[in-house]
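Below you'll find the structure, written out as structure tokens, and then a few comments.
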Amino acid sequence: MSGSGLLYLSDNPVKFPPVTRTTPVFYDETNQEIFAMSGDLVTIYNAKDHTEHTLTIDNAVNIISIKYSIDHRILAVQRSNQSVDFLNIQENTEFSQCCRRGSGNIIGFNWTCQNEIVFINHQAIEFYQINAKQGKVRHIKSYSINVNWFVYSPQFCVLVVSSTLCGNILHPFYFKTPQHGTSNIHRLPKFQVELPPAGPNQRSQLLERQVSIITLHGKLFLAITKSPQLGQESYKTTEICLYVLATEQIVNKVATLQLGITGRFALNCVDNMIVVHHQNSKSSMLFDVCWSPTSNESNNVLPLSTTRTPALKIPNFNLKTEGQVVTFRPILQPMSISQFTHEEKPCELYSSTWVVFQPGIIIDAKQGLLWELKLSVSKLSMHMVCSKPSLIKLLLHRRNYKNTIFSTLRSLILTQSTPLSVLGDIFDILNSVIDDVLINQDEMLEEVFSPLLTKEELSPSYKISVIVEYIRSLRLHKLRISYYYYEIIIQILIRCNQLFKLHQLVQFQVLGDSAPLACLLLSLDKTYEPAFLLGIDMLKRLNDTSGIVEALLQKNDVTAAIQYACAQNKEDTLDCAKFLQSAADSGDNVLFYSTYKFFSTRNERLRKSAEFLPEDGVDEFVALYKSLFNEL
């Protein structure tokens, strides 16, 4: 099984017969399937669901390439340089299609959707539609190009072919598949890749093994490895150039990865991170084109080039494409993939028999194993030597970032030595996306703050300071603050009998105004008398007249409640039954008399009669008034 390092191979690899002269093996990137030949028997191993099945195919020993259609109804088999045979698995029928260019040899083919396929030969790109039921192939379109080699991305249905003697003129094609299942082929503008200068008696060439189509954060890039040649003093190390591929713009070089060494390289993309494998040193380098340490952090690597774009916002991913090229160096020192043991024997890592496919597939044809390369996010946080805010930025670009960020935050807070400014920077990063907050308040409460509030080793003042810093960040980013955070602070202050601090927090508006917080302050008047006035003042700032009137009435201050309503011209909205009930409960006859007279006078003004109506619900108070003051 795999090791526990930062980079490791999947524990459950796909096992297939090792490649021999009599057992050829083919890999199909589109369906992630391995085809192993044994005579006329073909065994297909699916890397997605780890299933396998067998087929019997005539003349299997002469197969050059073999691939299932996306829906697995048709098996495309190339036995010659001039044609491709199609086997209808369900109907057990077979038909074929020859290359339209008679003198051109087919160097490869790819299914672009379930019933369409593209042939790439040395003289043209040919696009066909397959009718499985009728056993017919219909030519759709062709492009005449002298092709050296090609690379294809099944995820984005993008084909890039190489032409010219040096191989550095590249022609991208995009196969767009509408919902009804028929794709359209779009030829994008060709572009030229700059090659390193050739040494004496040499010619610079761009080879297929130097080019990969990769995806980062949902966008497509062409990664081109440029290695120095003998006699090139100005090119002492290898670099990888990233060209952004888009369907609506010209291809542009946007970034350069500086490797710092020479040799044989291969690359994968794992969790939106580029992993460059170096066979000679048996190590791998990690690059993140959405992240860089701050200027005062070495991070154990050479500093980044000054020709950088501004900090990239999370989660939006956008490298400049208008002339400026960003230079990146590895985020860590080179490290090896964790040792993998198969059948109680350690496997040779970085073997010469390794073949790498995108995004994270590694195949060892000699050992008969297919792995998926994995990245441990928790180990990544342990290996990084950078500020904690920079680490959080790095983690946010990973798929399963939340648990690691939660544990990192809990650890930082538990030390009590982490400056509040550092925690504040982290909170600002997490709250920086208004439309799609990366970690919301409920998650922070459940995973970070609630567990820490039970820790006796944390002082109450430190707990409050951390919560207040988080509230500051929420307010800065104009996010609505959950009432729970105010309640946490108040509960802590009540437990440690420090409500005077609450007075300060409210008075200086560290705690933002809200109706729930105002109600909580009003309820504390018996524990901390000034809290009532704090609550009233907060309701005034919120323009909550009815809340203030209700609070005064709950305190049995009927006169003050009526006076405030009158001052706000809200006396006509008052519930006379509620006020008369409160006045009667007070046992103060003078208060009851004045309250009764206020509402009877209001009746006179509104209804031209001092009498109460049955729907007012005050019959008992009318009777009480008459009994107390002997008036009709």
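The values are calculated or read from the model by the stated rules, or taken from the named source; none is laboratory data. All figures in this text were calculated on a predicted structure; none of them were measured in a lab. Every residue, glycine among them, receives a Cβ derived from its backbone with ideal geometry; neighbour counts consider all protein chains shown. Just so you know, the surface numbers come from the protein's heavy atoms only, side chains and all, with ligands and any DNA or RNA stripped out. Shrake-Rupley method; radii C 1.70, N 1.55, O 1.52, S 1.80 Å.
Aspartates and glutamates near Lys540 by alpha-carbon distance under 15 Å, same-chain residues fewer than 8 away left out - which ones? Those aspartates and glutamates meeting the cut-off are Asp513, Glu550. Computed per residue of the chain from DSSP H runs no shorter than four, each worth -39500 (n - 2.57), the mean residue ellipticity at 222 nm is -8000 deg cm²/dmol.
Heavy-atom accessible area for Asp58, with the other protein chains in place and a 1.4 Å probe, reaches approximately 120 Å². The mean sequence distance of close C-alpha pairs (under 8 Å, at least 6 residues apart), as a share of the length of region 500-632, puts its relative contact order at 14 percent. Modelled this way, with points 7 Å down the Cα-to-C-beta line, the labels at His50 and Leu606 are 7.5 nm from one another.
Charging the Cβ of each Asp and Glu at -1 and of each Lys and Arg at +1, and nothing else, the dipole of the chain about its Cα centre rounds to 2480 debye.
For a label point 7 angstrom out from the Cα of Val422 toward its Cβ, which stretches of region 387-413 have the backbone nitrogen within less than 16 Å? Inside the label zone: 387-394, 405-413.
How far is helix 420-430 tilted, in degrees, relative to the longest principal axis of the Cα atoms in the chain, given as a value from 0 to 90 rounded to the nearest 10? The answer is roughly 70 degrees. Solvent-accessible area per residue in the chain equals 49 Å², computed with a 1.4 angstrom probe and all protein chains kept.
Roll a 1.4 angstrom probe over the protein heavy atoms and tell me the percent of accessible area of region 1-156 that is carbon or sulfur.
That fraction is 44 percent.
Short to long, the 10 Å bins of the Cα pair-distance histogram for the chain hold 3, 12, 17, 17, 13, 10, 8, 7, 6, 4, 2, 0, 0 percent of all pairs. The trypsin sites (Lys or Arg not before Pro) found in region 6-109 that occupy coil by DSSP, while having at most 10 further C-beta atoms within 10 Å, are Arg21, Lys48. Note on Arg541: accessible area approximately 100 square angstrom, rounded to 10, probe 1.4 Å, nucleic acids and ligands left out. A Förster distance of 60 Å, applied to the separation of the beta-carbon atoms of Asn92 and Ser465, puts the FRET efficiency at 0.20.
In the context of the full protein assembly, Ile89 retains an accessible surface of approximately 70 Å², using a probe radius of 1.4 Å and ignoring ligands and nucleic acids.
In region 1-153, taking the dipole from charged Cβ atoms about the Cα centre, the farthest positive-side position among Asn31, Asn115, Ser83 is held by Ser83.
Could you rank Ile467, Ile481 by how accessible they are, 1.4 Å probe, largest area first?
Working: Ile467 5, Ile481 35 Å².
Descending order: Ile481, Ile467.
Gain on full extension, evaluated as 0.36 nm per residue between Glu348 and Lys176 minus their Cα-Cα distance, stands at 57.8 nm. Under 19 Å of direct C-alpha separation, and excluding same-chain neighbours fewer than eight residues apart, Lys402 reaches these aspartates and glutamates: Asp271, Asp288, Asp425, Asp428, Asp435, Asp436, Asp442, Glu443, Glu446, Glu447. Taking the centroid of alpha carbons for each part, region 616-630 and region 100-133 are 97 Å apart. For the chain, the longest principal axis of the alpha carbon atoms and the long axis of helix 619-629 meet at an angle near 30°. Straight-line reach from Lys15: taking Cα to Cα under 17 Å and skipping same-chain neighbours fewer than 8 places apart, the aspartates and glutamates in range are Asp28, Glu29, Glu33, Asp49, Glu52, Glu343, Glu344, Glu348, Asp364, Glu372. Largest first, the residues Ser212, Ser284, Ser594 sort by 1.4 Å accessible area into Ser594, Ser212, Ser284. With the radius of gyration and the Kirkwood radius both derived from the Cα set of region 336-447, what is their ratio Rg to Rh? With Rg and the Kirkwood Rh in hand, the quotient comes to 1.13. Using only Cα atoms, find the angle between the long axis of helix 589-607 and the longest principal axis of the chain, and express it within 0 to 90 degrees, rounded to the nearest 10. Orientation of helix 589-607: about 70 degrees from the principal axis. Checked against a 23 Å cut-off, the cross-linked pairs Lys136/Lys190; Lys67/Lys282; Lys463/Lys501 give Cα-Cα distances beyond that limit for Lys136/Lys190; Lys67/Lys282.
Just how large is the dipole of region 1-112 about the Cα centre, in debye to the nearest 20, putting +1 at every Lys and Arg Cβ and -1 at every Asp and Glu Cβ?
About 400 debye.
In whole percent, and with a 1.4 Å probe on the protein chains, what portion of the accessible area of region 470-557 is carbon and sulfur? Carbon and sulfur together cover 52 percent of it.
The residues Thr164, Thr573, sorted by heavy-atom accessible surface at 1.4 Å with ligands and nucleic acids left out, run Thr573, Thr164 from largest to smallest.
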